[in-house]
1. Between chains A and B there is a rotation axis; tell me the chain A residue with the nearest beta carbon and how many whole Å away it sits.
2. Placing +1 at every Lys and Arg Cβ and -1 at every Asp and Glu Cβ, with all other atoms neutral, what dipole size does the protein assembly as shown have around its Cα centre, in debye to the nearest 20?
3. Only bridges with both residues in chain A count here: give the DSSP antiparallel percent, nearest 5.
4. Provide a whole-number value for the mean count of partner chain Cβ atoms within 10 Å of the Cβ atoms in peptide A:301-308.
5. Each label point is 7 Å from the Cα along the Cα-to-Cβ direction; what then is the distance between the points at residue B:189 and residue A:91, in nm?
6. Determine the calculated [θ] at 222 nm for the protein assembly as shown from helices alone, applying -39500 (n - 2.57) to every DSSP H run no shorter than 4 residues and normalising by the residue count; nearest 500 deg cm²/dmol.
7. By a straight-distance test (C-alpha under 19 Å), which lysines pair with residue A:306 as possible cross-link partners, with residues fewer than eight away in the same chain excluded?
8. Say R0 is 41 Å: what FRET efficiency, to the nearest 0.05, do residue B:254 and residue B:3 get from their beta-carbon distance?
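The values are calculated or read from the model by the stated rules, or taken from the named source; none is laboratory data. Values in this document were obtained by computation on a predicted structure and should not be read as measured data. Quick reminder, even Gly has a Cβ in these numbers, built from the backbone with ideal geometry, and neighbours come from all protein chains shown. Only protein heavy atoms, including side chains, enter the accessible area calculation; ligands, DNA and RNA are left aside. Shrake-Rupley method; radii C 1.70, N 1.55, O 1.52, S 1.80 Å.
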There are 2 protein chains.
Amino acid sequence: MPTLEDVRRAAAQLAGRIHRTPVVTSTALDELFGAPLTLKAELFQKTGSFKVRGLLHKTLQLTAEERERGVITVSAGNAAGALAWAARNAQVPATVVMATTAVQAKIDAARAYGAQVELVDGDLIAAYESIRDERKLTGVHPFDDLDVITGHGSLGLELLDDAPGTRTVLVPVGGGGLISGVALAVKLVDPSIRVVGIEPETADVVSRSLAAGTPQKLPTAKSIADGLAAPVCGTHNFGIIQQYVDEVVRVSEDALLDATRLVMSRTKLALEPAAAAPFAALLEGKLQLTGPTTSVVSGGNLDVSKLY
Amino acid sequence: MPTLEDVRRAAAQLAGRIHRTPVVTSTALDELFGAPLTLKAELFQKTGSFKVRGLLHKTLQLTAEERERGVITVSAGNAAGALAWAARNAQVPATVVMATTAVQAKIDAARAYGAQVELVDGDLIAAYESIRDERKLTGVHPFDDLDVITGHGSLGLELLDDAPGTRTVLVPVGGGGLISGVALAVKLVDPSIRVVGIEPETADVVSRSLAAGTPQKLPTAKSIADGLAAPVCGTHNFGIIQQYVDEVVRVSEDALLDATRLVMSRTKLALEPAAAAPFAALLEGKLQLTGPTTSVVSGGNLDVSKLY
């Protein structure tokens, strides 16, 4: 289990390579939800989401030999661009295995950041493993990895600095990467701060894993919050979530859309639906706030073709 | 004609009552358009657009007697909320005449800021004049007013401070309120800085007025950039535009939509189509940039019901 010292070291290593993202407040949202809210605007992070924190931290931990050979990941899209960016920043060659059906903009983004993109029909994981072994690349899991989690922990430290006195931290939940890092950092600093995760009802693998007591898989996971539609909960992530997350609540697709529109109209942040998940829970009355609260606006990679 | 001293006094009067909005940069946009671009993020201004600058400045110039009686305006929607906010800030009662067909969110916004909203079927202007005279209110024109223009000038001074060395300033154009204030301020500080206006082809009253040599009216003006769809060019605005604006270019509806999506995806700002007009001109090749350029992101009141 990573220590607070590990998270602080990760934060120091990332400083200067990534943005220190701003925080945003809104009187209208405070009045609506009855608590002083701080929005950690991680949508302004490099590549438009928090993901580069963990993936860059991971890449920086590689040995000289691993760095020279390069890294590889498999992605439906979101992690592809983030790993490509991180690898370029760390001067490590990157290969990304993506489906031929992936969104073209996401393929283009990975290429623009300098990654070699391998487009695959059929079994993505088999292709990934075969390329990895053949080219002796280091595989990077987008979330189920302790170095990735520790890197994401830097966000937890930052938001505590940005909003001193915060009593509750709200975090969108997909496969558990972000919340495991943030909860670890927050609870190691102050165990009395409440950490709540929010995931879509239609992609609720972490709630199901907590209920079952072991990481689960879903046959399918689909949500308007595509960044949260992970069909698996990571094993490392699960252990940390079990220990450090106070509660995970589930929100409807309608509430995710309403929350995205609400937060966008009030803050003028172009957040993606995943990032609005905490506000969906507030809209649905699934969460009661007591005292200062910080919500992680995890990313802004929304599908702009669906605007107007 | 207002002087630089007038604009500086307006800026000083507004300071502390409104936001000093941030500026945003994007490597991707710089590379795409071949010049260092600074985006003045006025969408983060109070009520979500630049409009409060001029309207608050106007309200603050009223005599004690006028303040006591209150102000009135007539609006299709956008100016209603801004005047209501400005009047509340200046502790002046406000009445807003709106059509019964106005967007409900805009009616609600004006009411939420404390204005008395008079909903009218039929002739808006006649109703406005009758209420104004009957109740002895001071009429406020949303843009054709020298105090409003001087207030908008504060934005011109601010963006020069925010982006020293800027050689071109790009401003979205509706009825001419914003660009007359910004051009006045910029040219009084440094006449060698180029000021370019951008308006929709389908709502091009300022281009037509410049061609005709007098302020024109359009029978209809409709655009996806609803904030720019003014059917008239203000008289005071026209004189300043003739004297101080180097060029006004016109953009297509398709380019406005493409530009909104582009800037949103690159910057994560939830800008409205009006605010993307300068980027529409760049996408269509209607503008060539030479050197550092500042673009006014005029507002963020986009129709979020059209997202997803």
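1. Per the A/B rotation axis, the closest residue of A reads A:270, 2.
2. Using Cβ point charges on Lys, Arg, Asp and Glu, the protein assembly as shown gives about 780 debye.
3. Working: 4 of 34 bridges.
Within chain A, antiparallel bridges account for around 10 percent of the total.
4. Per residue, the number of nearby Cβ atoms from other chains is 6 on average.
5. 4.0 nm
6. -13500 deg cm²/dmol
7. Hits, sequence-local ones excluded: A:106, A:222, A:268, B:268, B:306.
8. Efficiency, from the Cβ-Cβ distance: 0.50.
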